[in-house]
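Working notes for the structure below.
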Amino acid sequence: MTSDFDRALEKCERAVIAKYLPKVGASRTLHDWLAEDLGSAKLADELIAYCEKLYFKKGEIIATQGDPADCMHFILSGRVAIIVQLRDGRTVRVRSLGFHTTIGEMGLISRQKRSATIKAEADSVLYALNVEAYQRIARENPALSHALLTYVIAVMADRLAFASKAMGVLRR
């Protein structure tokens, strides 16, 4: 039953992505995206300087559930699956995320273990902000730290709203 639901959800996501992907700013640079979301080109440049650019091929694991959350990733291009392993050993693909969003921010800030496995669904380019760089930002750059936390709160609020809507649909 769960796998049928997962496949149906994935099919719907892919249809929406195919329809709207060409209409959104898929070609925006990391700088343009972060400048808009952080509210400043200067802050975008500063944040990018703290990050490492990474490439993942389709099917590669980016992070594993239960591992220490030692970084967050900014998805510049591609798609990633968020996969949760249940106590009974089954895995459930919870969501798919595309370009111009982040993953791993909750664990980085809370210093908790990763709550899900992240797998590249397509060749993807990500920028990683590791825990040491995050801590340096907090110590050395209060304006960037504030802007980054404000951005992360907005992302988490959007995800909470999405989860609430999904729960409402599932309860019907």
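Results, tabulated for the structure shown:
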| quantity | calculated |
| --- | --- |
| Ordering of 87-95, 100-108 by packing [mean C-beta count within 10 Å, highest first] | 100-108, 87-95 |
| Rounded to whole Hz, the Karplus (6.51, -1.76, 1.60) HN-Hα couplings of region 59-73, x for glycine and proline | x, 6, 7, 8, 8, 10, 3, x, 6, x, 7, 9, 6, 10, 10 |
| Cα-projected label distance for R111 with E36, points at 7 Å along beta-carbon direction, nm | 3.5 nm |
| Cut-off under 5 Å, modelled amide H: who pairs with T91 long-range | L86 |
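None of the figures in this text is laboratory data; all of them are computed from the coordinates on show. Predicted model, so just to flag it, every value in this text is computed and none were measured. Note: ideal-geometry Cβ built from the backbone for every residue, glycine included; neighbour counts use all protein chains shown.
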